[in-house]
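Scroll down for the structure; my scribbles are underneath it.
The values are calculated or read from the model by the stated rules, or taken from the named source; none is laboratory data. Because the structure is predicted, anything quoted here is derived from the model rather than measured. Cβ sites come from the backbone with ideal geometry, for glycine too, and all protein chains shown count toward neighbours. These accessible areas exclude ligands, DNA and RNA; they are computed on the full protein's heavy atoms, side chains included. Shrake-Rupley method; radii C 1.70, N 1.55, O 1.52, S 1.80 Å.
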Amino acid sequence: MKKSLGARLFDVFNITLMLFICVTIVFPFVQQAVISISPPDESSEIGLHLYTLKPTFDSFKQIFATGSIWDAYYWTILRTVLGTILTVVVSAMLAYPLSKRYLLARKVWMGLIVFTMFFGGGLIPTYLLVKDLHMLNTVWALIIPGLCSAYNIVIIRNFFTSLPIEVEESAYMDGANDVTVFFKIVLPLSAPIIATVTLWSLVGQWNAWFDAMIYISNGEIKVLQILLRDVLNNAQDAALANIRGVENVDMSGQRYTAESVKAAILLVTTIPIIMVYPFLQKYFVKGIMIGAVKG
Amino acid sequence: MSTMNSELELNANLSPKKGSMMATFKKQRFLFLLLLPGLLYFFIFKYGPMYGILMAFKDYQPSSGMAGSPWVGFKHFHEMFEMNYFWTVTANTLKISLLKILVGFPAPILFALLLNELVSSRFKRIVQTISYLPHFLSWVIVAGLIFQLVSPSYGLYGLLCDIFGWKPHVLLGESKSFLQILLISNVWKEIGYGSIIYLAAIAGINSDMYESATIDGAGRFKQCIYITLPSILPTICMLFVLGLGGILDGGFDQIFNLYNSMVMPTADIIDTFVYRIGLVEMQYSFSTAVGIAKSVIALVLVLVSNWIVGKLSNYTVF
């Protein structure tokens, strides 16, 4: 079928718009990457920074020479791995009995969980609770308080409900109890939802910074996001102070290096996510649909 | 299928009607074993802080604890309502949220509709993959990208000023441009990811409808208006109501990572205010009272918006 002129014009417009959107998303990252490997005099110049003729890895050498970035990686990976495993296991364990219609007082448990989606104690009471439990300045403060969310429980439960009951039934016949059935039969059958929640939690843990900011005050546990925030904020403060005309904050010379170091730290925080992201993408899409269709 | 299920349940002898509650509990002890860690978590970390709400009605002293602190009734609430700054912060929150909904809510819908019109499925996939990316980054990272882009002394904005001879401004330091940056960056970050759910809804539309519309002579635009949009309307309504629930959120992560003292009068929202008076200035009781006021208003807003959407479209979330 031949397309009308209007339809063809629309196609051209549409494709151009989509290309434009893609460019606005990719551009900032390319720019950061180029700035991070540019020599100081180049990285501080006005310009697009889409290529450099004198690539140097000094800024990366500089940040990896200090121990703080390695520590930050350690704490970030630790909280991500531990947090994700605990979140997934505890959430799935909780969701499984709730998928059984005959569970004693099921509606009560479900109601208690769903209620937390709409109402909570708020920032200060939560902070004081974590403090009273002596979790401040420990890695547990980054893992335990945000362990389960009602939303996750609801979508995992809905998935379990849709599993064929016959498989579990035959295991009961063979004398297995609920715990065995759950770990040996239900969990392996639930790969799509487990993958989804794992990935949500993984990305959430990697990106989290607020809990680290409020629960860790002695600076011993510093995750990547907080490290990046510190670096950016220092630079931002200096820039604002400059504008207000405060004396002695002229960092000419110093700031130039800071620019490529800032870019380098931003990249080392981002790269792990960007690397795994294309592989995770389809699970996320699947997950959001599971959540949308039945949640 | 349902009769089969109930049969199986009877076979497993787990029906609560068959014995006392204690007997049922005993039979289901392994299920409760699985339930235990999660329920404990919810009681301690979700309901525990709700006990802490009491401190809004007390003058909480960390040294004397919750029980030892004196009751003061609604003192903190009176104080809050009489405080001019509280109303400033509430107005800011509403303004920022409403603008975000106005701009940020239709954007993914429009994006999904346009994506759907792309002829090449390969190009469509590439655009999708790229557009989802920013969602997976924290606001700390995105703020870093923004600082670079809007800096008058080296970013893209600096270059534009240079080329067009504009007078360079500190965009993040001025209320109006700060607000614009909030809105644009919010759309930039979430447009792709937000479109997934609409794309899924569009994929679920029966293709027969499009075929018969084509036979009737409807073009792509008319098909979009008369078939696609009405078909995804329930999804739109659902997300709208859920979005209104967060109307008093304003986006803590985003604002907290971008704001500075120069834009405080317009950028400070309830959440950032609660954080500052609570954890920085340690006015625990007052800050908790502000937090409660926010929760209650938000809850009312969800219920009201759900009711309105229900009236308009016969579709409710609850």
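Annotations for the structure displayed:
- Rolling a 1.4 Å probe over the heavy atoms of the protein chains gives segment B:68-132 an accessible area of 54 Å² per residue.
- MRE, 222 nm, helices only [DSSP H, n ≥ 4, -39500 (n - 2.57), over chain A, to nearest 500]: -23000 deg cm²/dmol
- GNM flexibility winner over chain B from B:MET80, B:MET209, B:MET238 (Cα, springs under 10 Å): B:MET209
- Aspartates and glutamates with Cα under 18 Å of B:LYS176, excluding same-chain neighbours fewer than 8 positions away: B:ASP268
- Shape of chain A, Cα gyration tensor, a/c cut at 1.5: oblate
- Taking the protein heavy atoms of segment A:67-293 in the context of the full set of protein chains, the accessible area attributed to carbon and sulfur is 65 percent at 1.4 Å.
- When all protein chains stay in place and ligands, DNA and RNA are ignored, the 1.4 Å accessible-area order of A:VAL81, A:VAL181, largest first, is A:VAL81, A:VAL181.
- Most fluctuating residue given options A:VAL139, A:VAL179, A:VAL268, as computed from a GNM of chain A linking Cα atoms under 10 Å: A:VAL179
- Exposure rule at most 12 other beta-carbon atoms within 10 Å, DSSP loop chymotrypsin sites (Phe, Trp or Tyr not before Pro): chain A longest free segment: A:58-295
- Leading residue at positive end of dipole, segment A:67-293 (Cβ point charges), from A:VAL268, A:TYR283, A:LEU202: A:TYR283
- Residues whose amide H lies under 5 Å from that of B:LYS58, counting only those 5 or more places away or on a different chain, are B:VAL72; hydrogens are built 1.01 Å from N in the peptide plane.
- The alpha-carbon of A:LYS282 sits under 20 angstrom from the alpha-carbons of these lysines, leaving out residues fewer than 8 places away in its chain: A:LYS294, B:LYS124, B:LYS189.
- Within straight-line reach of B:LYS26, meaning a Cα separation under 18 Å, sit the following aspartates and glutamates at least 8 residues removed in sequence or on another chain: A:ASP178, B:GLU9.
- Computed from label points 7 Å out along Cα-Cβ, the spacing between B:LEU99 and A:VAL26 is 3.1 nm.
- The fraction of accessible area contributed by carbon and sulfur in chain B is 67 percent, rounded to a whole number (1.4 Å probe; ligands and nucleic acids excluded).
- Area buried, chain B against chain A - accessible surface, total, 1.4 angstrom probe, square angstrom: 9100 Å²
- Sum of -39500 (n - 2.57) over DSSP H runs of 4+, divided by residues of chain B (222 nm, nearest 500): -21000 deg cm²/dmol
- The mean number of partner chain beta-carbon atoms within 10 angstrom of a residue's beta-carbon across peptide A:209-219 is 2.
- Alpha carbon centroid spacing (whole Å) that separates segment B:227-244 from segment A:127-145: 39 Å
- FRET efficiency estimate (nearest 0.05) - Cβ-Cβ, B:LEU40 to A:ASP174, R0 30 angstrom: 0.45
- Other-chain or far-sequence residues with amide H under 5 Å of B:SER138's (modelled H): none
- A prolate overall shape is assigned to segment A:91-142, the ratio a/c of its alpha-carbon gyration tensor axes (a ≥ b ≥ c) being 1.5 or greater and a/b exceeding b/c.
- Chymotrypsin sites (Phe, Trp or Tyr not before Pro) lying in DSSP loop within segment B:27-77, provided at most 15 other Cβ fall within 10 Å: B:PHE74
- A dipole drawn for segment A:1-70 from +1 and -1 charges on Cβ atoms has a positive end, and of A:THR24, A:PHE64, A:TYR51 the residue lying farthest that way is A:THR24.
- Among B:LYS58, B:LYS167, B:LYS75, residue whose mean-square fluctuation peaks in a GNM of chain B (springs only between Cα atoms under 10 Å): B:LYS167
- Rough spin-label spacing in nm, given labels placed 7 Å along Cα→Cβ, for B:ASP162 and A:PHE57: 2.9 nm
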